[in-house]
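The values are calculated or read from the model by the stated rules, or taken from the named source; none is laboratory data. Keep in mind it's a predicted model, so treat the numbers as computed, not measured. Every residue, glycine among them, receives a Cβ derived from its backbone with ideal geometry; neighbour counts consider all protein chains shown.
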């Protein structure tokens with residue numbers, strides 16, 4: 001009898017264990033990152049892939065980011081920001097300049113002769129200006145992981161350019177509204193389009209060339225269609241374009257706290273600097289490959305650059321006036337950005 005009671009007592013203590021749920025497995029999350037360039041592009045190979053791998057590794061494999069290049073999730077490059085906003089994609093890499101005028105404050109780094117020749121400087125300056133002036137304004141519909149700008153862009157064309165006069169009537173693709181205004185001020189016929197459209201536009205004679213940084217040239221085979229590559233000497237340089245990694249806010253806020261902490265640690269200035277290395281390190285390699293191909297690689301003179309600075313100054317004046325109409329102190333943004341680029345660029349060549 002005693003033995004039976006002990007068995008029953010043991011069963012009574014053991015029974016709750018049968019109904020105790022298993023400890024919930026640590027949540028794993030996969031995010032979809034959408035962008036407009038092919039998988040072989042320098043940005044995917046040298047920034048997006050290493051960045052997503054870093055996030056995966058630091059999360060112990062719990063936060064994975066799957067990359068969809070070449071607009072594989074549908075749509076066109078100008079729709080990428082809204083895809084992040086609406087949840088079509090979880091994260092997008094895109095240019096604010098693909099939707100002209102929608103993000104006015106970030107245009108300050110894109111004005112003629114504001115940006116530095118080095119992407120590392122422009123990336124830090126862009127993130128600092130975003131963090132101070134833009135986080136809660138035009139980008140409030142998404143969670144911005146980071147923002148940066150590339151190095152000084154070059155003119156890649158079918159004929160050489162040594163002076164402003166050589167640009168007259170030349171049809172050149174531009175990436176941002178301010179780069180387009182700068183080209184118009186120099187006498188060119190400026191045509192805006194996302195960079196994936198450049199090869200077809202070149203082959204059909206819609207454009208005579210494009211302004212892009214060296215980094216992107218092989219992704220669109222521009223070195224095969226444009227024999228002449230023209231740079232602007234020193235800093236500040238003629239133009240730069242800004243970029244963002246934007247995330248759907250519901251997906252960001254829905255992450256477990258520990259995974260959100262991993263993403264945050266790989267955001268902001270740290271991610272901007274990581275991105276900038278692509279332009280600063282890969283750009284010179286692309287330039288050297290163009291030289292080996294037999295293409296002409298040249299730089300306009302400092303005296304000619306001074307003419308370009310004078311000719312494009314009204315673009316900045318007009319932008320400041322446009323910002324005033326939107327109750328934005330554009331003059332203060334220009335002054336602050338110039339000072340920031342100059343300070344961050346000290347000793348950087």
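Quick notes on this structure:
- Residue 318 assigned by TED's automatic domain parsing to the domain that holds residue 214, without any contact (Cβ under 8 Å) to a residue 12 or more places away in the chain and either surrounded by 14 or more Cβ atoms within 10 Å (Cβ to Cβ) or touching a strand residue (DSSP E or B) at 6+ places or on another chain (Cβ under 8 Å) (or both): no
- Filtering region 44-59 to residues that are over 17 Å from residue 267 (Cβ atoms) and either touching a residue at least 24 places away in the same chain (Cβ under 8 Å) or part of a strand (DSSP E or B) (or both) leaves 44, 46.
- Single residue of region 118-139 satisfying the filter (in a loop (DSSP other than H, G, I, E, B) and either in contact with a helix residue (DSSP H, G or I) (Cβ under 9 Å, 6 or more places away or on another chain) or not assigned by TED's automatic domain parsing to the domain that holds residue 275 (or both)) that is nearest to residue 252 (Cα to Cα): 139
- Those helices (runs of 4 or more DSSP H) lying entirely in region 148-215 with at least 1 residues farther than 19 Å from residue 308 by Cα and in contact with a helix residue (DSSP H, G or I) (Cβ under 8 Å, 6 or more places away or on another chain): 198-203
- Any chance residue 245 is surrounded by 17 or more Cβ atoms within 10 Å (Cβ to Cβ), over 28 Å from residue 309 (Cα atoms) and touching a residue at least 40 places away in the same chain (Cβ under 8 Å): yes
- Test for residue 290: is it surrounded by 20 or more Cβ atoms within 10 Å (Cβ to Cβ), more than 26 Å from residue 201 (Cα to Cα) and touching a residue at least 40 places away in the same chain (Cβ under 8 Å): no
- Test: residue in region 252-260 that is out of contact with any helix residue (DSSP H, G or I) (no Cβ under 6 Å at 6 or more places or on another chain), touching a residue at least 24 places away in the same chain (Cβ under 8 Å) and under 30 Å from residue 203 (Cβ atoms): no
- The one condition in (1) surrounded by fewer than 19 Cβ atoms within 10 Å (Cβ to Cβ); (2) more than 17 Å from residue 267 (Cα to Cα) that residue 64 fails to fulfil: (2)
- Residue 309 outside the structural domain of residue 235 (by TED's automatic domain parsing) and in contact (Cβ under 8 Å) with a residue 60 or more places away in the chain: no
- Only one of the listed residues (261, 231) is surrounded by fewer than 24 Cβ atoms within 10 Å (Cβ to Cβ) and within 18 Å of residue 291 (Cα to Cα). That residue is 231.
- Residue match in region 94-115 (condition: part of a strand (DSSP E or B), under 18 Å from the mean Cα position of the chain (by Cα) and not assigned by TED's automatic domain parsing to the domain that holds residue 303): yes
- The single condition among (1) over 21 Å from residue 214 (Cα atoms); (2) in contact with a helix residue (DSSP H, G or I) (Cβ under 6 Å, 6 or more places away or on another chain) that residue 287 does not satisfy is (1).
Results for (1) surrounded by fewer than 21 Cβ atoms within 10 Å (Cβ to Cβ); (2) within 18 Å of residue 235 (Cβ to Cβ), shown as yes or no for each residue.
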| site | (1), (2) |
| --- | --- |
| 154 | no, yes |
| 160 | yes, no |
| 176 | no, no |
| 188 | no, no |
| 193 | yes, no |
